[in-house]
Amino acid sequence: MLITDISRMRETVKSLKKEGKSIGFVPTMGYLHEGHVSLIRCSRKDNDITVVSIFVNPIQFGKNEDLDRYPRDLERDIEICKREGVDYLFYPDVRQMYPEGYSTYVVVEGLTEGLCGAFRPGHFKGVTTVVMKLFNIVQPDRAYFGKKDYQQYVVIKKMVEDLNMDVQIIGCPIIREEDGLAMSSRNKYLSPEERESALSLSRALFTAKEIFEKGETDPEKIKQKMRQIIQSYPHIRDIQYIEIVDPKTLQPKKRVEKGDVIALAVYVGDTRLIDNITL
Ligand code: AMP
């Protein structure tokens, strides 16, 4: 079930394909939680075989980001995969994925420039490159991405469309804790007090949705109210962005409409959190 070798993974996929099995794929960076589990369950429903990958992809982290402290717990992840009926857990190491002299990258232009792309230069280039590599290795029929990382989901869809790749990209809903906090491996970084302040993100998003549903269509007014809510909490170090965008183009809206996405990134203490909501 655990496969660490790229060549082993390829051979396995080859024989599964020969048997006519459909393959669902859930790429992750590990430290699995209910958000990941929801993707696994979707994949299990739609496909004969489900492959999960765990790979903390160094090239999608910026210099001063959290690559070195990114949470890991392989034993626990293996248990979760077993419990959820995952067929193969692909866990390659960095040197295999990026051997010395590695020099090929995939870039999606446009969609990657705003939102997180504006604050994390090179991030999406790292994401699209690793996802392309993983798709080439696993050759899935369907791949599952969480809308928690909404921009990532749209960027991957675009890559697949532009490069005529034969894989269906399926976006799955955001899974939240009972109090509204979007699940994330990075929530582990939060102290109890910061965890309380992290609730400001979802509260601002839920309030924004309510205001919109009561008739407000001016993005500035909605964003201002959201800022107010978030800044009323302690430990908020920086609101990187709050944007209301078109769900496909990710361009900021002048008038807010049903179906638009409100996305934000906020530093709570030293932890950068993202969240979004679809109106
Ligand atoms: P990560 O391990 O954080 O790179 O996430 C792997 C996949 O799980 C990505 O497609 C994420 O969007 C998805 N994911 C992470 N958190 C959640 C969540 N709270 N709800 C739904 N999907 C999620």
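The values are calculated or read from the model by the stated rules, or taken from the named source; none is laboratory data. Every value quoted in this text rests on a predicted model; they were computed, and no experiment measured them. Cβ coordinates were reconstructed from backbone atoms using ideal geometry, including for glycine residues, and neighbour counts include every protein chain displayed. The accessibility values were calculated without ligands, DNA or RNA, using every heavy atom of the protein model including side chains. Shrake-Rupley method; radii C 1.70, N 1.55, O 1.52, S 1.80 Å.
Using only Cα coordinates, the Kirkwood hydrodynamic radius of the range 133-205 works out to 14.3 Å.
Neighbours of ARG203, meaning other residues whose beta-carbon lies under 13 angstrom from its beta-carbon, give a summed charge of -1 when Lys and Arg score +1 and Asp and Glu score -1. For the chain, complete DSSP H runs whose alpha carbons reach 15 Å or more along their own long axis and whose mean Kyte-Doolittle score is -1.0 or higher are 6-18, 34-46, 123-138, 150-162, 192-213. Computed over the range 39-116, the quotient of the alpha carbon radius of gyration and 2.2 N^0.38 Å is 1.38. Computed over protein heavy atoms with a 1.4 Å probe, the accessible surface of the range 129-172 works out to 39 Å² per residue. Estimated at 0.36 nm per residue, the fully extended path between ASN136 and GLU257 surpasses their Cα-Cα distance by 39.8 nm. Taking label points 7 Å from Cα along the Cα-to-Cβ direction, SER232 and THR278 give a separation of 2.9 nm.
Going down the table (LYS188/LYS214; LYS18/LYS133; LYS45/LYS248; LYS82/LYS158; LYS14/LYS63; LYS14/LYS125), which pairs top 30 Å between alpha carbons? Violating the 30 Å limit, Cα to Cα: LYS188/LYS214; LYS82/LYS158; LYS14/LYS63.
Taking a Cβ cut-off of under 15 Å around GLY146, the surrounding Lys, Arg, Asp and Glu residues balance to a net charge of +3, with basic ones at +1 and acidic ones at -1.
For PRO247, what charge total do you get from the other residues with a beta carbon under 13 Å from its beta carbon, if Lys and Arg give +1 and Asp and Glu give -1? Net charge in that neighbourhood comes out at +2. For the range 205-279 versus the range 16-82, the spacing of their alpha-carbon centroids is 28 Å. Of the solvent-accessible surface of the chain, computed with a 1.4 Å probe over protein heavy atoms with every protein chain present, carbon and sulfur atoms account for 46 percent. For the range 89-215, pairs of C-alpha atoms spaced more than 25 angstrom apart make up 40 percent of the total.
Taking LYS147, LYS254, LYS209 as the candidate residues, the one with maximal mean-square fluctuation in a Gaussian network model of the chain, Cα springs under 10 Å, is LYS254.
Averaging over all projection directions, the Cα-based convex hull of the chain occupies 14.8 nm² in the image plane. If a paramagnetic tag sat 7 Å from the Cα of ILE170 along the Cα-Cβ line, which residues of the range 131-153 would have the backbone N under 12 Å from that point? Correct set: 141-146.
Label reach from TYR105 (point 7 Å along Cα→C-beta): in the range 38-60, amide nitrogens under 11 Å belong to 59-60. Expressed as a fraction of 2.2 N^0.38 Å, the C-alpha radius of gyration for the range 15-152 is 1.07.
Solvent-accessible area per residue in the range 185-278 equals 50 Å², computed with a 1.4 angstrom probe and all protein chains kept. Multiplying the residue separation of LYS82 and GLU65 by 0.36 nm and removing their Cα-Cα distance gives an extension gain of 3.0 nm.
Considering the range 185-278, its Cα convex hull presents a mean projected area of 5.8 nm². By the helix-only formula, in which each DSSP H run with n ≥ 4 contributes -39500 (n - 2.57) and the sum is divided by residues, the chain has a 222 nm mean residue ellipticity of -12000 deg cm²/dmol. A simple spin-label model places the labels of GLU210 and SER22 4.1 nm from each other, with each point 7 Å out along Cα-to-Cβ.
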